[in-house]
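Down below is the structure, laid out as structure tokens.
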């Protein structure tokens, strides 16, 4: 069974705007692999926080996606991982 997770990103202790590119490329690759359903910064928050909706087989797989994010590895960003119980979804 596939599960959904919300990654709530905020700035990490080593945040530097010039270092965010690796994180963006990683999330793009996760989207191409079908694991990142959607992601991006919040508009009204001066890009200091963002969100990613992640699809994974289980919590361990979601944790692996989190840990492999260069933004997390380099402490450019930090994130809270929330398991999401999707109750309704738009018809495709």
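Residue 52 passes all but one of (1) touching a residue at least 24 places away in the same chain (Cβ under 8 Å); (2) over 13 Å from residue 69 (Cβ atoms); which number fails?
That leaves (2) as the condition not met.
What number of residues in the stretch 4-34 are closer than 20 Å to residue 59 by Cβ and in contact with a strand residue (DSSP E or B) (Cβ under 6 Å, 6 or more places away or on another chain)? Talk me through it step by step, then tell me what you get.
Here is the first cut: in the stretch 4-34, the residues closer than 20 Å to residue 59 by Cβ are 4-9, 26-27, 30, 33-34.
Right, trim to in contact with a strand residue (DSSP E or B) (Cβ under 6 Å, 6 or more places away or on another chain) and you get 4-9, 27, 30.
Total meeting the criteria: 8.
No value in this document is a laboratory result; all are computed from the given coordinates. Here the structure is a predicted model, which means the values were calculated and not measured. Quick reminder, even Gly has a Cβ in these numbers, built from the backbone with ideal geometry, and neighbours come from all protein chains shown.
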